[in-house]
Amino acid sequence: MLVVTSNLEAVTVHAEGALCTRVATIPTAGGMLPSQVRINGLPLSLQPGSLRASVVHGPPGLAVRDLRPTYDVQLPPEVDVPAEHRALEEAEHRLSDLTQQLARVGQELDALSKLSPGFPPRPKEAQEPRDAPVSAMLSLMSFVDTELAALHSRKLDLERQQRDAEADLRFRRDRVAEASSSVRGQRARVHRAVVLTLSGPLPADLGARLALEYAVQGARWVPTYDLRLPRTLEEGTLRMRASVLQRTGEDWTGVKLAVSTADLARHAEVPELKALRIGRHQPAPARSGWREAPPGLEELFAGYDATRTPTPVQPEVSAEPEPMPAVLEQPQKNKRSAVPIAPEPDFAMAEAAAPPLAAAPRSAPMRPSAAAPEEEEETYSRSRSRGGGLMSRARRPPPPAEREEAPESSFDDDGDGLSMDAASLGGGGGGERTPPRQEPSDTLLDYDRLTMPPADDLGARGRLQPRPGHLTQELVALAEVHAQIDITVRVALSLQETSSIWAAPAPAWSQPPRTSSPHFDARFDVETRADVPSDGAWHTVPVLSVPVGLSAEYVCVPSVEPRAFRTVRVENRTPYPLLAGPVDVTLENEFLMTSPLPTMAPGSTQRLGLGVEESIKVARNTRFDEATGGMFGGSTMLTHHVSVELANRLANRILVEVCERVPTVPVHTEKDIKVEELEVAPLWQKRLPLPGEAKVEGERAWRVVLQPGEAQTLKATWTVKIPGNKMLGGGNRRT
């Protein structure tokens, strides 16, 4: 079998998992393409049920006929044991020499550090002090310093060489230990592999190219953005980025990367629309993809059963003696022998526990066991000659109490045979069993998970059945791998590593793609090839430049905070949605802040906050008057005067939105309370909230344009008229 190399070409990261595409080139041998190739080096996180292969380039008629997943074990190279032993001995000798040299240098340092100038003892009768030998002392100290510096430098060099020698010694010992086959098996690298069967051999001149597609777990991504603005906030560029994290077991190097919000594991199929007919009742049409088994299925295995040696049945040894079977005697007129009768099975439970079969052919009559006594064979032949089944021997009817306990196994009045329920097992009507017709289920139409039982399975051979859940293609492929390693442990560790990606904290303000887009799916292709290593860390990849409309606005709510805030109105001018995520705002070449961006549909507008603008001065002044009014002076007039002073200290023209709130009267509650807006200069208007913003009752907004260095005063006056016998909750003052 030809083993071909493959390169990872493209990766599409979904909300959970990724879809990888590899490209393999198949060379020709003697001008012909091989009929079977093998591709190694696939990650352990690969899902075998997701494998797809197609021909990218090749001669006409070339197609992939079969695809079978398997495993690939790569053992480390063999170790030259004699050479490694010699290298180990050399490393030990070198380390011993360096240790001895370091010990000698230490002794020299100790001896040299003890050198110090000495003075002879002074006699007691000496009257004049002796001159100190200063020049000799200085010469000695200079000599000691020079020698100490040289010895310390030598010591540092020997210590470095000793560390290198110790590391080399450990390496040589590990190499010698790895010469064992068991240790070599522990260091083996396990990968997935796939065997492709082609429609060949076909003549070809330049070979062929195949594309292999498979899904892996252990990958996720979240959207992020980068917004660059000038000082004027009038224009800017918004770039979409993708923070990708993957632990799939293979590095994505120089791949065509794409990100998608779709769910990779979601099951999707074309719905089957049923027709509505008016008229007489008609049977349901047969489902496509289903065919009954041909008649005479058991006759296909007649030759196999004739050559097969019957396996003797070993009696089971039980701790407690089994109860003797009940013996029913026939009446005197038909009495020949006493035959043990086994208790009847529960037909409902047997039908429920039976696996769904593709067809239910008529089974052959039951045969007596080879170990049965001659009396049973004689009785069986007599009962068959009378047209009855194996269990249709004449029996004495049971007592009434037993009839009530087991109504399903009731006998006929004359004791000739069983009822219809028992006869369906094998008695009556020629002794053949006809199971009820079963409708095909979804599991029988999933061809990828069907399997053919062996011929030794008498009850299910010749019929396709759903493969058990614990018997996967991975376990089937393990039987073909012969190596002294525990592959199941490697696969379990790989699954554990892929699931560890959800423990990594996501970037601030980020949201999963399925959270911000639960009702639609979108795909974004990265402009250039990208590299994402399999290290379990977040890697930011630039995706594309987003054409959006940006307009700067300053928002101020003086009644809450006497400061102005910078905002940018972002309009999505793309045909695809912008997912929710954090936005890194850069003002010219200076990083400003990170703000959250909500999900934006195509054509929608959102407001992005950029913090406080200190160059805009805001001051709010209020005045309150209370008086009586009305025709007879029975009403209270509450007049509120509000003035807001704005000053632009920026060097450019700005647009400021100043928000105020006027008292509102609940509808259909207080009809005699009225709120009138008397004087507003300049005119304001009711504020329309953007999508996602909460609506505030009674909110008004001034939209003022200020030139550089300009100041302006905004005024508003409103009156609240209430009856004299009422008062506003919390006081009449509302400024």
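Laboratory data are not the source of any read-out in this text; all were calculated from the coordinates shown. Computed from a prediction, not measured in an experiment: that's the story for all the values here. Cβ sites come from the backbone with ideal geometry, for glycine too, and all protein chains shown count toward neighbours.
Some values worked out for this structure:
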{"quantity": "Flagged links, alpha-carbon separation over 18 Å, of K674/K695; K686/K715; K617/K686; K671/K721; K617/K715", "calculated": "K674/K695; K617/K686"}
{"quantity": "Packing-based exposure ordering (other Cβ within 10 Å, fewest first) of R266, R569", "calculated": "R266, R569"}
{"quantity": "For L683, L650, L227, order by how many other beta-carbon atoms lie within 10 Å, fewest first", "calculated": "L683, L650, L227"}
{"quantity": "Computed magnitude of the charge dipole of region 549-723 (debye, nearest 20; Cβ of K, R +1, Cβ of D, E -1)", "calculated": "240"}
{"quantity": "Net +/- balance of residues flanking V3 in space, Cβ distance below 13 Å, scoring K and R +1, D and E -1", "calculated": "0"}
{"quantity": "Sorted by Cβ neighbour density within 10 Å, fewest at the top, the residues E497, E235", "calculated": "E235, E497"}
{"quantity": "Most to least packed among 205-212, 513-520 [average Cβ atoms within 10 Å]", "calculated": "205-212, 513-520"}
{"quantity": "Placed amide H near T599: partners under 5 Å, 5+ positions off or other chain", "calculated": "A580"}
{"quantity": "For V541, residues with placed amide H under 5 Å, excluding near neighbours", "calculated": "A242, S243, V244"}
{"quantity": "Nitroxide proxy distance, nm - points 7 Å out along Cα→Cβ at V176 and F143", "calculated": "4.7"}
{"quantity": "Mean Cβ count within 10 Å, highest first, over the residues of peptides 600-606, 31-37", "calculated": "31-37, 600-606"}
